[in-house]
Amino acid sequence: MFKGSIPALITPFKNGEVDFSALENLVEWHISEGSSAIVAVGTTGESPTLSHQEHKEVVEAIINFSGKRIPIIAGAGSNSTAESIELMEFSEKVGADAALVVTPYYNKPNQKGLLNHYTRLHDNSNLPIIIYNIPGRSIIDMSPDTMGCISVIANIAPKLSALFQDAMLAGNYKSALEYQDKLLPLHRAAFAEPSPAPTKYALSLLNKCENEVRAPLCTISTETESQIKSAMHTAGLISASDE
């Protein structure tokens, strides 16, 4: 079901509130540009600073805007198993195609706790679960043995980077490397400061959203702005006059 380019969508804000008009335009843009699926309200969607109600509203809006034209993977991660179950149940009810579930952060469960967490999520929802193992943000690291135990459970799979997966599987390795080289400066610039602040600035240059994030994040420095502009010009996304 899931392959190709699957962007993690930002949550656009305007004057501190979710900008649903910009959100709809972003969904349309990704579909028209050939995205294979969309991740709704992941880390890039600033899930930590969305209220529970906003989280659900944004997930449902993205599903409705997509109109089933591409799959929608709903962020449903939490450091509370009960809360994650609730998010998964809601996402399934409103028509999500899968759930992206980060390993529980801050309270640092051991490997047995991780296995129990994902098993309970599986037992309480029919949605496929994509495990998001990212120690840099969640502090804990799921071991290969635990991943192996979880992999035998139906509807659960590790998250794979899919940006160039299709090209490589098709044997078009040279083409994939060319894209990688062209986009590498932009990849680096996008993480020069905490995500998604650089991405929101880049999208603001394309008139896709306001350059606005929620505290404790802040907008990027002028130095990173210059880095973003230069990388976007190299990638052919803006002209030299926009730099």
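The values are calculated or read from the model by the stated rules, or taken from the named source; none is laboratory data. All of these numbers come straight from a predicted model, not from anything done at the bench. Quick reminder, even Gly has a Cβ in these numbers, built from the backbone with ideal geometry, and neighbours come from all protein chains shown. Side chains included, ligands, DNA and RNA excluded: accessible areas come from the protein's heavy atoms. Shrake-Rupley method; radii C 1.70, N 1.55, O 1.52, S 1.80 Å.
What is the distance, in nm, between label points placed 7 Å from the Cα along the Cα-to-Cβ direction at residue 64 and at residue 123?
Once both label points are built, they end up 3.5 nm from each other.
Given [x] 17.5; [y] 12.4; [z] 13.4 as candidate values of mean projected area of the Cα convex hull in nm², which corresponds to the one derived from the coordinates?
Among [x] 17.5; [y] 12.4; [z] 13.4, the one derived from this structure is [z].
Could you please report the charge total around residue 22, scoring K, R as +1 and D, E as -1 over all other residues with beta-carbon less than 12 angstrom from its beta-carbon?
Local charge sum for residue 22: -3.
Helix-only mean residue ellipticity at 222 nm, the chain, DSSP H runs n ≥ 4 weighted -39,500 (n - 2.57), per residue, nearest 500. What is it?
-14000 deg cm²/dmol
What nm distance separates the two modelled labels at residue 204 and residue 14, each placed 7 Å from Cα along Cα→Cβ?
That separation, rounded to one decimal, is 1.5 nm.
Mean separation of Cα pairs under 8 Å and 6+ residues apart, divided by the residue count of the chain: what relative contact order is that in percent?
17 percent
Calculate, for the chain, the solvent-accessible area per residue in square angstrom, rolling a 1.4 angstrom probe over the heavy atoms of the protein chains.
On a per-residue basis, 51 Å².
Return one number: the angle in degrees, 0 to 90 and rounded to the nearest 10, between the long axis of the Cα atoms of helix 20-32 and the longest principal axis of the Cα atoms of the chain.
So the inclination is approximately 90 degrees.
How far apart, in nm, are the 7 Å Cα→Cβ label points at residue 112 and residue 139?
Distance between label points: 2.0 nm.
Measure nothing but the geometry: give the 0 to 90° angle between the long axis through the Cα atoms of 111-123 and the longest principal axis through the Cα atoms of the chain, rounded to 10°.
That helix lies at roughly 90 degrees to the long axis.
Hey, with R₀ at 30 Å, roughly what FRET efficiency would residue 215 and residue 32 work out to, going by the Cβ-Cβ distance, to 0.05?
Rounded to the nearest 0.05, the efficiency is 0.35.
Could you work out how far helix 222-234 tilts from the main Cα principal axis of the chain, as a 0 to 90 degree angle to the nearest 10?
80 degrees
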